[in-house]
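A.B. asks: Have a look at the structure that comes next, please.
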Amino acid sequence: MALHKQAFAILALILALGSRASAAEKAAEATKPAGPPQPRIIEEAQPQALPPRNTDPSWLSYQNGVELYGEKRLGESLLAFKKAIDERAALFERASSDIEVALATKEAARAKGSLSALVKLLALRDMIPQAYDALHAKASGSLIAEMGLIRESSPTGPLRGLIDAALLVGEEGGLSRIGDSLAALKKASADFSKYPEAEFALGKLYLAEGESRLAELQMLKALDMSASLLQPEDRFDMFESLAELYKSRDDLKDYESTLREIADSSDLFATKDEYYRTSMERILGNRGFDTFMKLFRVEQDYPVSSYSKLGELYLDAGRPIATLYLAAAVNACLTREIREIMIDEPSYEYSGLAELASRIVANRDMAAYAIKARLWKNLVLLSESLITSGDRDTARELWAIVAKTQKSESWGKKAADDLVRLGR
């Protein structure tokens, strides 16, 4: 009986304490300052965010295809590239769908085409103005940072999808290409559903299998998608590969026109620089190579190969324009080599080809670039072109430098032979 009484006493004490705690909580609530009611957010099943680049399944499949291609496992490589293309399409179809959902909201009309405005309006559905203002201030004017911060707060459907799509497009090509435009975001998402890198890789694979015509069509298809390239300058490498395909078929007309796609896009061969090009050719012919190098600089690197190949093509065809293309190729290569020297010697100035050539061969990296850019070959061919226009002195000077600098190499030996023939 005593035990029962003790148990009842303990139970009564617990209930009393609970009652006091409840009363204290109610009193505390009553003393809190009044404020706006917190919005009720109904939690929904939220899909995972669109994947970052290093886990993007389409990118991973493409990289797998590249590795398999390098190992000559062509059949497996083909499947990997096709898988990458399908995965990329599915990824951006979802992004485009999310953008459409956001554009269908009533807030989209009020945003008047502005991405940042729509993000703000949709964010204010989910959070109080003070909370949004705090995130906006923390982002310090960066729309990408602001969207990232809002995404961490688990926003509801339309905003979550819009942010995921915008961040995916931003990672693919940078939000700088779309600015603050919803229309540009929508277009970029549609563009990025294509995978020109993987499409072009298929073309190279078909070529490796001896399917020249199929490879050509595939490469042209990829070039038509070049607006979707992660690195826009990669299209020049695509044109180079396509040009080599045409050359292998002895289709010199298409070979030339494809190389011209690269050369004509450069600053040097833009229509506005016609006077500059004419001056280059005149100075080279009248005042010699060293004066030509001191007065002119061809700064862009990417067209060097196309300049070189076009110069060789025109030289073989007996066309005087070969001199300009070969001179441009040589100048661009030497300009880059001079920039390399100036990293360690900011006051360096070009004093002559003989001195610069000796520096190039003495530096492993510079020597490797000279070979890659076909410098010695271009100097020999430039000399041949100058001979046809009657400039024997400059041709002799260039041949002599190549013969001395590259005496044990094939182009050095050819330059030496050309000097012998010229002296006869």
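A.B. asks: Is it true that some residue in the stretch 160-173 is over 24 Å from residue 59 (Cα atoms) and touching a helix residue (DSSP H, G or I) at 6+ places or on another chain (Cβ under 9 Å)?
C.D. replies: Checked the stretch 160-173: no residue is over 24 Å from residue 59 (Cα atoms) and touching a helix residue (DSSP H, G or I) at 6+ places or on another chain (Cβ under 9 Å).
A.B. asks: Oh, and also: Among the numbered criteria (1) touching a Cys at 6+ places or on another chain (Cβ under 6 Å); (2) loosely packed, with under 15 Cβ neighbours inside 10 Å, which one does residue 346 miss?
C.D. replies: If we test residue 346 against (1) touching a Cys at 6+ places or on another chain (Cβ under 6 Å); (2) loosely packed, with under 15 Cβ neighbours inside 10 Å, just (1) comes out false.
A.B. asks: From 223, 230, grab the single residue that is within 30 Å of residue 56 (Cβ to Cβ), assigned to a helix (DSSP H, G or I) and either at pLDDT 95 or above or not assigned by TED's automatic domain parsing to the domain that holds residue 103 (or both).
C.D. replies: Answer to the check: 223.
A.B. asks: How many residues, within the stretch 247-262, are surrounded by fewer than 20 Cβ atoms within 10 Å (Cβ to Cβ) and either touching a Pro at 6+ places or on another chain (Cβ under 6 Å) or not in a loop (DSSP other than H, G, I, E, B) (or both)?
C.D. replies: The total comes to 9.
A.B. asks: Kindly indicate the residue of the stretch 75-119 that is β-branched (Val, Ile, Thr) and part of a helix (DSSP H, G or I) and also nearest to residue 155 (Cα to Cα) among those meeting that condition.
C.D. replies: For the stretch 75-119, the residue satisfying everything is 119.
A.B. asks: Another question, if that's okay. Under 6 Å between Cβ atoms, which residue pairs at least 6 apart in sequence (or on different chains) link something in the stretch 255-273 that is modelled with pLDDT of 95 or more with a partner that is loosely packed, with under 14 Cβ neighbours inside 10 Å and assigned to a loop (DSSP other than H, G, I, E, B)?
C.D. replies: none
A.B. asks: Name the residue, out of 275, 302, that is aromatic (Phe, Trp, Tyr), assigned by TED's automatic domain parsing to the domain that holds residue 349 and either part of a loop (DSSP other than H, G, I, E, B) or under 25 Å from the mean Cα position of the chain (by Cα) (or both).
C.D. replies: None of the others qualify; the one that does is 302.
A.B. asks: Could you go through the stretch 291-309 and let me know if any residue there is within 26 Å of residue 390 (Cα to Cα), touching a residue at least 24 places away in the same chain (Cβ under 8 Å) and acidic (Asp, Glu).
C.D. replies: Within the stretch 291-309 (the criterion being within 26 Å of residue 390 (Cα to Cα), touching a residue at least 24 places away in the same chain (Cβ under 8 Å) and acidic (Asp, Glu)), the answer is no, since none of the residues qualifies.
Residue-wise test of (1) under 30 Å from residue 254 (Cβ atoms); (2) surrounded by fewer than 17 Cβ atoms within 10 Å (Cβ to Cβ).
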position	(1), (2)
323	yes, no
327	yes, no
331	yes, no
360	no, no
384	yes, no
413	no, yes
422	no, yes
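A.B. asks: Now for a different question. Are any residues in the stretch 285-321 small (Gly, Ala, Ser) and surrounded by fewer than 24 Cβ atoms within 10 Å (Cβ to Cβ), and if so, which ones?
C.D. replies: Those that are small (Gly, Ala, Ser) and surrounded by fewer than 24 Cβ atoms within 10 Å (Cβ to Cβ): 285, 288, 305, 317, 318.
The values are calculated or read from the model by the stated rules, or taken from the named source; none is laboratory data. Everything quoted here is computed from the prediction, not taken from an experiment. Every residue, glycine as well, gets a Cβ built from its backbone with ideal geometry; the counts of neighbours run over all protein chains shown.
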